[in-house]
1. Say we look at the range 152-182 and pick out the residues that are more than 9 Å from the ligand (Cβ to nearest atom) and under 16 Å from the mean Cα position of the chain (by Cα); which of these is nearest to residue 207 (Cα to Cα)?
2. Kindly provide the set of residues from the range 233-249 that are closer than 16 Å to residue 8 by Cβ, in a loop (DSSP other than H, G, I, E, B) and more than 11 Å from the ligand (Cβ to nearest atom), ordered by number.
3. As an exercise: evaluate residue 53 against (1) at pLDDT 95 or above; (2) under 30 Å from residue 246 (Cβ atoms) and give the number of the one condition it does not meet.
4. Checking residue 201 against (1) in contact with a Ser or Thr (Cβ under 8 Å, 6 or more places away or on another chain); (2) within 16 Å of the ligand (Cβ to nearest atom); (3) of a type in the set (Ser, Thr, Tyr), which test does it fail?
5. As an exercise: evaluate residue 263 against (1) buried (at least 24 other Cβ atoms within 10 Å of the Cβ); (2) under 30 Å from residue 25 (Cβ atoms) and give the number of the one condition it does not meet.
6. Please specify each residue of the range 250-299 satisfying the condition of being away from the ligand (no atom under 16 Å from the Cβ), in a loop (DSSP other than H, G, I, E, B), free of Cβ contacts under 8 Å to residues at least 60 places away in the same chain and not charged (D, E, K, R).
7. For the range 140-150, enumerate the residues that are surrounded by 24 or more Cβ atoms within 10 Å (Cβ to Cβ) and more than 9 Å from the ligand (Cβ to nearest atom).
8. Kindly list, by first and then second residue, each pair from a residue in the range 138-156 that is without any contact (Cβ under 8 Å) to a residue 12 or more places away in the chain and among the hydrophobic types (A, V, I, L, M, F, W, C) to a residue that is in a helix (DSSP H, G or I) and crowded, with 17+ Cβ neighbours inside 10 Å, limited to pairs with Cβ atoms under 9 Å and residues at least 6 apart or on different chains.
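The values are calculated or read from the model by the stated rules, or taken from the named source; none is laboratory data. Just so we're clear, the structure is a prediction, and the values are computed from it rather than from any experiment. As a convention, Cβ positions derive from the backbone with ideal geometry for all residues, glycine included, and neighbour counts pool all protein chains shown.
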Amino acid sequence: MATAEARLLLGAPIASEIRDSVRHDIEIFVARHGFAPSLGIVLVGRDAPSAVYLRQILRACEAAGIGGRLVEIEGDDADGSAVEPRVTAAIRELNDDPEVAGIIVQMPLPPTVRLRAVIDTIDPAKDIDGIHPLNAGLLRLGFEGFLPATAHAAIEILNRYQVQLAGREAVVVGRSNVVGMPAAFMLVRNDATVTVCHSKTRELAGHVARAEILVVAAGRPGLITGDMLRPGVVVVDVGINVVAGGLVGDVDFESARQVAAAITPVPGGVGPVTNAILLTHLVRAANAQASQRAPEENR
Ligand code: NAD
């Protein structure tokens, strides 16, 4: 008997719906406050994949009526010691700019720049990618804060396609602070039973085989193959890997789609939703900052 192929969990329709509502929210914001909020982006060093990602974000901002402030910092001093102070100074300037509602710092940072120094400097109210320790802590405790956009996008796709999470076995492959761990915390909050696998996990296949929901964010093309999957699993492939044939995820798509009930393609799955979600975080930040300022403006 031929097996049915998995349903495709496409990101584009979700992203376009989100972007439409962001455009509408920004129109209301501009009418109310007389200026368009901006996204501040700090780019450290030159790194091709993140430049592509940045251009996409800036285009999405422009289309939604959001301003863009790109600060580019050379990442290649002789000893690198001058780079970190330049990065933190750039962030502070964006923190102090009332028109900048959200700030993202392009990762990875060069080795001479301490991640902790950077994340501590971002104003948590403008930390729309949820990397400041306050927002990470709020997520951990189950309070409202800014969620890391990629992890938020992975869960948003599951919710929008009405995938039941409560009570189900979820396996997350990857434990990074930006994707794996926040996705795991969000799945727990949605009442899934969650296993987190990582590079030191023994018998990855044994864990993956139990998953009814599988979120993969390892950055290893072909790490997960169809023969590892439980029939009927829902797969969210967060991985983005540049290979000779183009972009692929961490899941071997062709073999996985024969076994899974549903799967996100790469490209075209989590990526577009991540960018759109980031804009919703910016709108939320802009409105929160405007209402904080309002009492003073009205005096
Ligand atoms: P990372 O390198 O910080 O973390 C990778 C994680 O995978 C680590 O926790 C590591 O322990 C785990 N891992 C590595 N090899 C493994 C193995 N063989 N078995 C089990 N676990 C293994 O990466 P990240 O920033 O979390 O990103 C993960 C992937 O998601 C990358 O491909 C990245 O390009 C992609 N990404 C996509 C988006 C998007 O919008 N779709 C956004 C950010 C990152």
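1. Per the stated criteria, the residue is 172.
2. Answer for the range 233-249, where residues must be closer than 16 Å to residue 8 by Cβ, in a loop (DSSP other than H, G, I, E, B) and more than 11 Å from the ligand (Cβ to nearest atom): just 233.
3. (1)
4. Exception for residue 201: condition (1).
5. Evaluating residue 263 over (1) buried (at least 24 other Cβ atoms within 10 Å of the Cβ); (2) under 30 Å from residue 25 (Cβ atoms) leaves (2) as the failure.
6. 298 - this is the single residue of the range 250-299 that is away from the ligand (no atom under 16 Å from the Cβ), in a loop (DSSP other than H, G, I, E, B), free of Cβ contacts under 8 Å to residues at least 60 places away in the same chain and not charged (D, E, K, R).
7. Correct list: 146, 147.
8. As it stands, the answer is 138/124, since those pairs meet every condition given.
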